Amino acid sequence: MAKWGEGDPRWIVEERADATNVNNWHWTERDATNWSTEKLTSLLMGLKVENEEGACEITEVGKVKGEASINNRKGKLIFFYEWLLEATWTGKSKAGLKYKGTIEVPNLSDENDMEDLDISVSLGKDEPETPLLKLMKTKGAEKIREALGSYVGYLKTEFTQGMILPTANGVPPPQATSQSKAKLNKTQISSSGGTAAPVNTGVKIPTCKFSMREKFLTSPADLYRVFLNQEMVQAFTHAAATVEGEKGGKFRLLDGNVFGEFTELVRDEKIVMKWRYNNWPSEHYSAITMNFVDRGSDTELKVEFRGVPENEEERTKEGWKRYYFEAIKQTFGYGASLF
């Protein structure tokens, strides 16, 4: 029996305005099947790869069969998902010849690592041999694996919002687990997709600073507007976003995996912001300064990063290159040669 004043925390009821699920102790379950079906389809549809032989693209997602759910027990999130996926890919060689084939993923499951996925790629019946099949079996399979890894990340961040209810002392750090405890860390993804939920470490973390620069074939004014206009942000990220383009304004993009606040704005010249990935330690932000330099025929964007967790440096660089620089060029036609 516990001593007076040392009661089991399971029975200590904290005050909550809505008196709901105090201490997040009660079992709750959320069905993620319909959401997952739409998310998997959107991530795979239109996926493209190309090389000197030609280009291939997933043109149809024919079957998304399975189920997914999330359980919350004692403040821990338990993920279950199991899917069979079938899709159609089409290829076009440099000579203009067209090909068609199939893709099958029979074992997308919380019990399997991403690297353990079976991704079967084949040509359609009566299709002639083509080097594009090898392209799909290598680069194509790699991109499919990345897309499915992104699904797992979104499942653990975007879909789980609201499952861990705050207590009187704030939101407890959520703990994620899969059906099999032995597989606890094996369904988490890296820089190519979604991220895990924030973790409040309560300790200082080692950080780094670095800079990046890129040329854009447009004026500083037009490029400046791209980062502050909500519709333009949604266009180059290909996802819903919230952008309050003013000093003190908040932003959230890439399905909630990136968010922050604009702390200083100098029209057409500079943007300073607090910026973070969703899975960084709770309340930890990097300070990012963007300077727009007019070079006459183009604009040089200089970006300085401070306070980035050391183990997130490469991921942050790759993320900015892919989801900002390259995406903006492709979307608005501001392409220019890299430094």
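The values are calculated or read from the model by the stated rules, or taken from the named source; none is laboratory data. It should be emphasised that the depicted structure is a prediction, and the values quoted were computed from it without experimental measurement. Note that we place each Cβ from the backbone using ideal geometry, even for glycine, and neighbour counts take in every protein chain shown. Heads up: the accessible areas ignore ligands, DNA and RNA and are worked out on the full protein's heavy atoms, side chains in. Shrake-Rupley method; radii C 1.70, N 1.55, O 1.52, S 1.80 Å.
Odds and ends about this structure:
- The combined condition, being open to solvent by less than 50 Å² (accessible area, probe 1.4 Å), at pLDDT below 90, hydroxyl-bearing (Ser, Thr, Tyr) and not in a helix (DSSP H, G or I), is not fulfilled by residue 150.
- Residue in segment 16-30 that is at pLDDT 85 or above, at negative phi, out of contact with any Cys (no Cβ under 9 Å at 6 or more places or on another chain) and in a loop (DSSP other than H, G, I, E, B) present: no
- Among the residues of segment 33-49, the ones that are among the small types (Gly, Ala, Ser) and in contact (Cβ under 8 Å) with a residue 40 or more places away in the chain come to 1 in all.
- Residue match in segment 40-58 (condition: open to solvent by 10 Å² or more (accessible area, probe 1.4 Å), in contact with a Ser or Thr (Cβ under 7 Å, 6 or more places away or on another chain) and not in a strand (DSSP E or B)): yes
- Any chance residue 277 is hydroxyl-bearing (Ser, Thr, Tyr) and without any contact (Cβ under 8 Å) to a residue 60 or more places away in the chain: no
- Per the conditions (1) free of Cβ contacts under 8 Å to residues at least 40 places away in the same chain; (2) open to solvent by 20 Å² or more (accessible area, probe 1.4 Å), the sole criterion not satisfied by residue 253 is (2).
- Checking each residue in segment 64-96 for being more than 22 Å from the chain's Cα centre (by Cα), exposed (fewer than 15 other Cβ atoms within 10 Å of the Cβ) and over 23 Å from residue 143 (Cα atoms) picks out 73, 74, 95, 96.
- Where residue 126 falls short, out of the listed (1) without any contact (Cβ under 8 Å) to a residue 24 or more places away in the chain; (2) in a helix (DSSP H, G or I): (2)
- Enumeration of residues in segment 217-233 that are over 23 Å from residue 315 (Cβ atoms), surrounded by 13 or more Cβ atoms within 10 Å (Cβ to Cβ) and not hydroxyl-bearing (Ser, Thr, Tyr): 217, 220, 221, 222, 223, 225, 228, 229, 230, 232
- Screening residue 246 on (1) open to solvent by 60 Å² or more (accessible area, probe 1.4 Å); (2) modelled with pLDDT of 90 or more; (3) assigned to a loop (DSSP other than H, G, I, E, B); (4) within 30 Å of residue 42 (Cα to Cα) shows it passes everything except condition (4).
- Test: residue 104 is under 25 Å from residue 37 (Cβ atoms), under 28 Å from the mean Cα position of the chain (by Cα) and without any contact (Cβ under 8 Å) to a residue 40 or more places away in the chain: yes
- For segment 225-248, the count of residues that are in contact (Cβ under 8 Å) with a residue 60 or more places away in the chain and closer than 17 Å to residue 212 by Cα is at least one.
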